[in-house]
Amino acid sequence: MSIKEKIGQLFSPAAFIHDSAENIEALEILIQEQHIGGITFFHSRHSAAANFENRQEKLNYEDTLKKLTKRIKRYQSLAKTPLLISIDAEFGLAMRVEDTPQYPYAITLGALPLDQIKLVRETGYRMGKDLIKCGIHVNFAPVADINTNSENPVIGYRSFGTDKNKVSKFAWAMYEGMKQAGIQGCYKHFPGHGDTNVDSHLGLPIIHKSKKELMEEELLPFKEGIAYGVEMIMVGHLAVPALSSGKNIPATLSKEIIQNVLKKEMGFKGIVVTDALNMKSVSNMYSIPGQLEWEAIEAGNDLLCFSENVKEAIEFIAEHTDEERIEGSYQKIKKLKDTLNIGAISPKTPIEFDWENHNTFNQKLAKYYINAIETNKDTDILDCRSFAKVSVFAPLFNPFFSEIDNYQSTPSFEIQTTTDVGWKDLDQFDNLLIALFVPSAKPINNFGLDLKVINKMTEIISSKNCQLYLFGNPLALQSINGKDKVCKIICAYQNFEPVQKMAALHFLDEIDQSMNFQM
């Protein structure tokens, strides 16, 4: 390979499954003429821009899976060297592709007891097998960040939690499971994005902690992951002055953080990946196209994700970087490709998923993570003579209520807005079972919650015996005033049908902890 071809192997620009013919052609030219080493798949430009536009992401296109496999086959056929196909699939292929298996969010898995860590490993394995079916080689997961800041706008549900030791153990279990499936995982976002209150898609987060504090908290999962043998780490766009001689420079572009801390002090020998270079925390730092990518290479990164100036960057790097530096990163990428035998991995078409087995697995997980997270009054409304079921932000006919009605049929009501007729009917009941379906896992616009509805709900329950089952991100409880009036809050985390059914059994006290699941 020429030096420019080797530099091209260090790039993994974005590929959008739903894209225009013009943009698809432009990517094909990069593959053929710039010899890029890989591509990172996203759902669509509209979806990818959700964070930048401060809105919720919606996946609502047709034939996404079919188009994904078609794109992979087409792009691979054009590549002189097989492409390394990557994706962000933190909770499975469903993070980017509709109608594919979705697994629990990291925050959900983090609610599993430590003695069930094998289930985290199995989740990683199952995710990996789904990805391989599509011809994907790398999953930019797991998130190894510790969610120590409750106001964090970008990590939250993506983290295994607030306990550094549990985060470390679960991150490795997830990574190990994917590796067993034949997928390369990636720890992120070094040196730790958990204690931030700025979204790095929009600005530069700064962590004001001492190096000692960082070593004891943020860096612990990465340190232990390196000791276990993690082979790929993504660096985040966040400033950590204690690690960069007091400078507010993004870690992605800091030699001191990548070369001195990550490589020398912590002994990491694997592939260093940038977070997406289109993010506003770094994308506008340099006026010359290609300089950002060069700065990232100079800082010590090996793989450049989501570069928007590939051709210019290859020219810039070739002009300003010595061949020995390029050779080091190129050999790492080549070794990974050889190890994964990526030329032999192609999409299996048509792709079929064992949905019955998948649902059984999600039910098995739910048995262990559904739990009471707040108890304010020791009242079990199941023992009361009568109670009403209230579905908030979800249809009246849902698996949770249907399963309960199989055992004990009681009146049900649906609340979507402040003007719904069901409100006045609740006055006649002293006992309420509320199923709160949180619209979004992301904190944008209060997790999608209509706070007027929430406030009206908390007014009503203040004078009643109420049990609340939350289907969604438990961090949404921060938006609910008066939740201390609820007798008990049980978190079910996900709204999957098998999870709702398991939540019903939890409410009915019918979960047999010795029940066997045939997998």
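The values are calculated or read from the model by the stated rules, or taken from the named source; none is laboratory data. As the structure is a computational prediction, the values presented were derived from the model and not from experiment. For neighbour counting, all protein chains shown are included, and Cβ atoms are generated from backbone atoms with ideal geometry for every residue, glycine included. Areas reflect the complete protein model, heavy atoms only, side chains present, ligands, DNA and RNA absent. Shrake-Rupley method; radii C 1.70, N 1.55, O 1.52, S 1.80 Å.
What the table shows:
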| item | result |
| --- | --- |
| Any hit, the stretch 3-12, residues being closer than 24 Å to I314 by Cα, at pLDDT below 95, of a type in the set (A, V, I, L, M) and open to solvent by 10 Å² or more (accessible area, probe 1.4 Å) | no |
| Failed item in (1) within 26 Å of the chain's Cα centre (by Cα); (2) open to solvent by less than 10 Å² (accessible area, probe 1.4 Å); (3) of a type outside the set (A, V, I, L, M), with E352 passing the rest | (2) |
| Those residues of the stretch 102-115 which are of a type in the set (F, W, Y) and open to solvent by 20 Å² or more (accessible area, probe 1.4 Å), in sequence order | Y105 |
| Extreme residue, modelled with the highest pLDDT, among residues of the stretch 278-294 that are buried (at least 16 other Cβ atoms within 10 Å of the Cβ) and small (G, A, S) | G290 |
| Residue count, the stretch 40-64 (criterion: touching a residue at least 40 places away in the same chain (Cβ under 8 Å), touching a strand residue (DSSP E or B) at 6+ places or on another chain (Cβ under 9 Å) and either over 25 Å from T274 (Cα atoms) or of a type in the set (F, W, Y) (or both)) | 4 |
| Subset of the stretch 153-178 (residues that are out of contact with any helix residue (DSSP H, G or I) (no Cβ under 8 Å at 6 or more places or on another chain) and open to solvent by 10 Å² or more (accessible area, probe 1.4 Å)) | P153, V154, T162, D163 |
| Scope the stretch 33-57; condition farther than 19 Å from Y330 by Cβ, open to solvent by 60 Å² or more (accessible area, probe 1.4 Å) and in a helix (DSSP H, G or I); matching residues | R45, H46 |
| Complete set of residues in the stretch 68-96 that are in contact (Cβ under 8 Å) with a residue 40 or more places away in the chain, small (G, A, S) and open to solvent by 30 Å² or more (accessible area, probe 1.4 Å) | none |
| Some residue of the stretch 37-56 being modelled with pLDDT under 95, over 30 Å from E327 (Cβ atoms) and of a type in the set (D, E) | yes |
| Matching residues, the stretch 313-332, being surrounded by fewer than 16 Cβ atoms within 10 Å (Cβ to Cβ) and among the acidic types (D, E) | E319, D322, E323, E324, E327 |
| Residues of the stretch 1-22 satisfying the condition of being more than 29 Å from H320 (Cβ to Cβ) and either assigned to a helix (DSSP H, G or I) or touching a strand residue (DSSP E or B) at 6+ places or on another chain (Cβ under 8 Å) (or both) | F16, I17, H18, D19, A21, E22 |
| Residue tally, condition assigned to a loop (DSSP other than H, G, I, E, B) and surrounded by 12 or more Cβ atoms within 10 Å (Cβ to Cβ), over the stretch 369-382 | 5 |
| Residue list for the stretch 138-152, restricted to those being buried (at least 21 other Cβ atoms within 10 Å of the Cβ) and in a loop (DSSP other than H, G, I, E, B) | F140, A141, P142, A144, D145, I146, N147, N152 |
| Residues that are open to solvent by 20 Å² or more (accessible area, probe 1.4 Å) and outside any helix (DSSP H, G or I), drawn from the stretch 253-274 | M266, G267, K269 |
| Lone qualifier among N301, N278 - being assigned to a loop (DSSP other than H, G, I, E, B), over 28 Å from K179 (Cα atoms) and not β-branched (V, I, T) | N278 |
| Among (1) in contact (Cβ under 8 Å) with a residue 60 or more places away in the chain; (2) open to solvent by 20 Å² or more (accessible area, probe 1.4 Å); (3) in a loop (DSSP other than H, G, I, E, B), the one test that D99 misses | (1) |
| Scope the stretch 319-370; condition within 30 Å of L470 (Cβ to Cβ) and of a type in the set (F, W, Y); matching residues | F353, W355, F361, Y368, Y369 |
| Members of the stretch 116-135 that are without any contact (Cβ under 8 Å) to a residue 60 or more places away in the chain and open to solvent by 10 Å² or more (accessible area, probe 1.4 Å) | I117, K118, R121, Y125, K129 |
| Residues that are in contact (Cβ under 8 Å) with a residue 60 or more places away in the chain and under 15 Å from R121 (Cα atoms), drawn from the stretch 175-196 | G182, Q184, G185, C186 |
| Unique residue being modelled with pLDDT of 95 or more, on the phi < 0 side of the Ramachandran plot, under 15 Å from the mean Cα position of the chain (by Cα) and hydroxyl-bearing (S, T, Y) when the list is Y103, Y125, Y75 | Y103 |
| Those residues of the stretch 200-252 which are in contact (Cβ under 8 Å) with a residue 24 or more places away in the chain, open to solvent by 10 Å² or more (accessible area, probe 1.4 Å) and under 25 Å from F52 (Cβ atoms), in sequence order | H201, L202, G203, L204, I206, N248 |
| Hits in the stretch 13-32 (condition: more than 26 Å from the chain's Cα centre (by Cα) and open to solvent by less than 10 Å² (accessible area, probe 1.4 Å)) | I31 |
